[in-house]
Ligand SMILES: [Zn+2]
Ligand SMILES: [Zn+2]
């Protein structure tokens, strides 16, 4: 393997809808840590919502001026002392929150919910993330990337696909189910893709952006796509024999769309909210209680479920990279964030080496 330079380029997000590329020292892996050569780093809606425009996040979403990017995937160049499983040359996905490892949430594998104020640090938020040539990660945060999957496939498992898979496992999806997806951004598209593989009978999507609606149909991820509007509940009922869908997944965080997700779900149905932020208003008796419905909230996933998802992606021959519409080199990172912020795209990735050579 080629020698590792001492300095690298990395991108930070100053919070005024710009990016700044700076030079950083290439870190040296300490005990239990590895140094990755970055291969793919995808942009998430939460990067735009909480960091890019303005640093709005608090606590777990508080951005501390580090190298951005919480969906990293790369190859191990060097391991620090005490690594137990992974070695140089391994292809890995980084679970994007490093937890203390010993609180109840970490022990369940949900480092996203780690309760340690001192040790819970998310990559790209409170510790350096994937928008750089190299990344320092903890071995315990790594998931092996199978040979059948590309680094761009892996980058999307870290947050988007993992989050969706968790939500779908909570509500359960099978061939019995028609599914409504509100919001057809990258998370909504991933929902359509996973629902297909889980055998959903019929998939209905709702969005406002034409590009996204068309993408969902062109990629075969939805059977029907509705333009967001006041007739949506009636339309969904009409498409489902007057009943509504058995399952609904909100990926929009929009108040009206969330209410639609609840109301367009049939009796005994299950709804999961994945979209972050915002509000919702509904009538508990009429919309939920009298129809015996269950509403779930779901935040990211656990590291064991990420491993399970990676195995299933191979089994299903499902490649999240198919939903990447644009690839950029690190020195064009400003264009990557600007495009994602505009929303007229699928998933946007910053790529390196062989992943940059792939036509995007
Ligand atoms: Zn994310
Ligand atoms: Zn913890």
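Couple of notes before you dig in:
- Residues 105, 207, sorted so that the one with the fewest Cβ neighbours within 10 Å comes first: 105, 207
- Using alpha-carbon coordinates, inclination of helix 333-342 to the longest axis of the chain, degrees: 10
- Normalised by the number of residues in the range 1-140, the average gap of Cα pairs under 8 Å and 6 or more apart makes the relative contact order 31 percent.
- Exposure proxy ranking, count of Cβ atoms within 10 Å, fewest first, for 110, 95, 52: 110, 52, 95
- Exposure proxy ranking, count of Cβ atoms within 10 Å, fewest first, for 153, 128, 331: 331, 128, 153
- Share antiparallel - DSSP beta bridges, the chain, percent rounded to 5: 55
- Cα gyration tensor, the range 230-278 - rounded (a/c under 1.5), prolate or oblate: oblate
- Reciprocal mean inverse distance between Cα atoms of the range 164-297 - Kirkwood radius, Å: 14.1
- For the chain, the longest principal axis of the Cα atoms and the long axis of helix 186-197 meet at an angle of about 70 degrees.
- Calculated on the Cα set of the range 261-342, radius of gyration then Dmax: 18.8, 55 Å.
- Distance from the C-alpha centroid of the range 277-297 to that of the range 333-352: 34 Å, rounded to the whole angstrom.
- Relative contact order of the range 70-164, defined on C-alpha pairs under 8 angstrom at six or more residues apart (%): 37
- Compared with the dominant principal axis of the Cα atoms in the chain, helix 162-171 is inclined by about 30°.
- For the chain, adding -39500 (n - 2.57) for each run of n ≥ 4 DSSP H residues and dividing by the number of residues yields -6500 deg cm²/dmol at 222 nm.
- Three-way shape label, the range 52-168, alpha-carbon gyration tensor, a/c 1.5: rounded
- Entry note, the chain: relative contact order of 18 percent, from Cα contacts under 8 Å with a spacing of 6+ residues.
- In terms of its alpha-carbon gyration tensor, the chain comes out prolate; a/c meets the 1.5 threshold, and the first ratio a/b outweighs b/c.
- Candidates 32, 154, 183: whichever shows maximal mean-square fluctuation once the chain is modelled as a Gaussian network with Cα springs under 10 Å: 32
Since every read-out is calculated from the coordinates, none of them should be taken as a lab result. Since we're looking at a predicted model, the values are computed, not measured. Positions of Cβ are backbone-derived with ideal geometry, glycine not excepted, and every protein chain shown enters the neighbour counts.
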